[in-house]
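To start, the structure itself, in structure tokens.
The values are calculated or read from the model by the stated rules, or taken from the named source; none is laboratory data. Worth saying up front: this structure is predicted, and the values here are computed from it rather than measured. Here the Cβ is made from the backbone with ideal geometry for all residues, glycine too, and neighbour counts use every protein chain on show. Calculation scope for accessible area: heavy atoms of the full protein, side chains included, ligands and nucleic acids excluded. Shrake-Rupley method; radii C 1.70, N 1.55, O 1.52, S 1.80 Å.
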Amino acid sequence: MNEKKGERLIVSEVVVMTHAYGNRSGVRYMTGGLKVYYVPWKPFLMQNTLPTFYGTLPIIRTILIREKISLVHGHQAFSTLCHEALMHARTMGYKVVFTDHSLYGFSDVGSIHMNKVLQFTLADVTQAICVSHTSKENTVLRSGLPPEKVFVIPNAVDTAMFKPALERLSTDEVVIVVISRLVYRKGADLLVEVIPEVCRLYPNVRFIVGGDGPKRVRLEEMREKHSLQDRVDMLGAVPHAKVQSVLISGHIFLNRVFSSRDQVLPDDMIVLAEPDPADMVRAIEKAIYRLPQVDPQAMHLRMKNLYSWHDVAKRTEIVYDRALRCSSQNLLERLSRYLSCGVWAGKIFFLVMIIDFLLWSLLRLWQPDVDIEVVPDFDPVHRECGDFSGDMEDKCSQ
């Protein structure tokens, strides 16, 4: 994010950086002039790039300087690119904000590893955002981050894009929709036991499952085993543009997740269940029983007032403003935070940051900041660019 100070407010400009997607690499301009850098790093597992520690430093440094960035905001604890970007940004003296979306445990090997990585990243973060109060408590416990540095800003929904069907669906056949990554953390294993039981109890129920992941094979095996090919539609990966059309084709949206336990809707809009197949079946029965009393249009109007991305943006800007007002710290002050992360881990983190600082210093000698061309300011509303890629040029084709 970079900023332009006016007389009464700060106008923020957002530049997005992510890894390459297929052949999409370089710079692209999205609707409304949003600029996206697709760094030429290909994902190798679950849309994550291979950890390089220092391999992304040159290109991240160039982007931050070219775009006159004031603050770096990273998302998702499992994103290696996010962790590396925040690490390099702090080395270069930028203020950073991290958003954590999920809950993690403390006992299994994967959670222990991710908690230590998160502790490393958040040891020197300026501010943090969580999507719920439970998520905040979890993040503070896992990372040791001071609670006063963590803000709670819930997610929202684009009610202009996600509208209910104009005509109410018939309840002669009840359609239950599932859209998510088919992985353990999203409760895909529970579906293997829940779907056959619900289909046995309710002959008029049909499932639509959208999404892909390692657990898709188990779901397809379940469908074959119980001969449910005509009652369970496996859509595979659903493009973002088609999610709404899939959702409005059903009566009930079934969401299973282990990593979030906050109620995000009023009681009359949601039925909660424990992550247990029997309890989930009972919750689905309650939802089916409620269907005749549900008015989708009235529910949609209520949602428009409950959740708004404009409100999320305003609250996020407050966090940005607070981060930018935080005092800068010298290298020794920052390194002391890493040493406090553990007897052995602290020393490793300390060494990683020392090397990062030395590499950054060498880059500044090899290519001083003043030699990196800065992107000129111009109004994105009047930008008439197409879809660009390749050499990261910012000029529009004539």
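Here's the yes/no breakdown for (1) modelled with pLDDT under 85; (2) farther than 17 Å from M87 by Cα; (3) assigned to a loop (DSSP other than H, G, I, E, B); (4) not β-branched (V, I, T):
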{"site": "K4", "(1), (2), (3), (4)": "yes, yes, no, yes"}
{"site": "G32", "(1), (2), (3), (4)": "yes, yes, no, yes"}
{"site": "W41", "(1), (2), (3), (4)": "no, yes, yes, yes"}
{"site": "F53", "(1), (2), (3), (4)": "no, no, yes, yes"}
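Can you find a residue in region 275-284 that is in contact with a helix residue (DSSP H, G or I) (Cβ under 7 Å, 6 or more places away or on another chain), modelled with pLDDT under 95 and not in a helix (DSSP H, G or I)? Yes, region 275-284 has at least one match. The residue that is least open to solvent (accessible area, probe 1.4 Å), among those in region 141-154 that are of a type outside the set (G, A, S) and in contact (Cβ under 8 Å) with a residue 60 or more places away in the chain, is I153. Within region 111-140, the residues that satisfy the criterion of being in contact (Cβ under 8 Å) with a residue 24 or more places away in the chain and hydrophobic (A, V, I, L, M, F, W, C) are M114, V117, L118, F120, L122, A123, V125, A128, I129, C130, V131.
The set of residues from region 269-295 being closer than 19 Å to V175 by Cα and among the acidic types (D, E) comprises E285, D295.
Just checking, how many residues over region 206-227 are under 13 Å from G250 (Cβ atoms) and open to solvent by 30 Å² or more (accessible area, probe 1.4 Å)? Selection size over region 206-227: 1. For region 244-256, the set of residues classified as open to solvent by 30 Å² or more (accessible area, probe 1.4 Å) and outside any strand (DSSP E or B) consists of Q244, S245, L247, I248, S249, H251, N255, listed by residue number. Taking every residue in region 12-30 that is without any contact (Cβ under 8 Å) to a residue 60 or more places away in the chain and pairing it with any residue that is of a type in the set (A, V, I, L, M) and assigned to a strand (DSSP E or B), at least 6 positions away or on another chain, the pairs with Cβ-Cβ distances below 9 Å are V15/V36; V16/V36; A20/V39; M30/V16; M30/V36.
Restricting attention to region 167-179 and to residues that are under 19 Å from V281 (Cα atoms) and modelled with pLDDT of 90 or more, the residue that is surrounded by the fewest Cβ atoms within 10 Å (Cβ to Cβ) turns out to be E173.
Each residue in region 182-205 was checked for being within 27 Å of the chain's Cα centre (by Cα) and open to solvent by 10 Å² or more (accessible area, probe 1.4 Å), and 7 pass. Can you tell me how many residues in region 55-107 are open to solvent by 30 Å² or more (accessible area, probe 1.4 Å), in a loop (DSSP other than H, G, I, E, B), farther than 23 Å from Q367 by Cα and in contact with an Asp or Glu (Cβ under 9 Å, 6 or more places away or on another chain)? Count: 1.
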